[in-house]
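One structure is given here, and the rest of the page talks about it.
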Amino acid sequence: MNMSYCMFENTLGDLSDCVDRMGNVETLQELTEEMSEYELRAFHAMWRTCRDFLAEHERLLNTAVDQEYEAEV
């Protein structure tokens, strides 16, 4: 587990490597054809986690906008 003060910094490099790998193939099949069963499960779990990350980011942005609006009123 990453320490809270550096979890995003530590994860960014690994996630960037994964995105780079995805950018170097033409199809999903090409990306996944040599993956082990464990790696393939992790790939799909990462997709779900990234989707959740984006949803939480959006929620936090909306909260910040709501708080700014309430402060102005």
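Can you pull out the residues in segment 16-54 that are of a type outside the set (S, T, N, Q), within 13 Å of the chain's Cα centre (by Cα) and open to solvent by 60 Å² or more (accessible area, probe 1.4 Å)?
D17, V19, H44, M46, W47, R48, R51, D52, F53, L54
List every residue pair whose Cβ atoms sit under 6 Å apart, with the two residues 6 or more apart in sequence or on different chains, where the first one lies in segment 33-61 and is in contact (Cβ under 8 Å) with a residue 12 or more places away in the chain and more than 15 Å from M22 (Cβ to Cβ) and the second, anywhere, is open to solvent by 100 Å² or more (accessible area, probe 1.4 Å) and of a type in the set (D, E).
Final answer for the pair search is none.
The values are calculated or read from the model by the stated rules, or taken from the named source; none is laboratory data. Because the structure is a prediction, the values reported are computed rather than measured. Because the Cβ atoms are built from the backbone with ideal geometry, glycine has one as well, and the counts that use them run over all protein chains shown. Remember, those area values only see protein heavy atoms, side chains included, never the ligands or the DNA or RNA. Shrake-Rupley method; radii C 1.70, N 1.55, O 1.52, S 1.80 Å.
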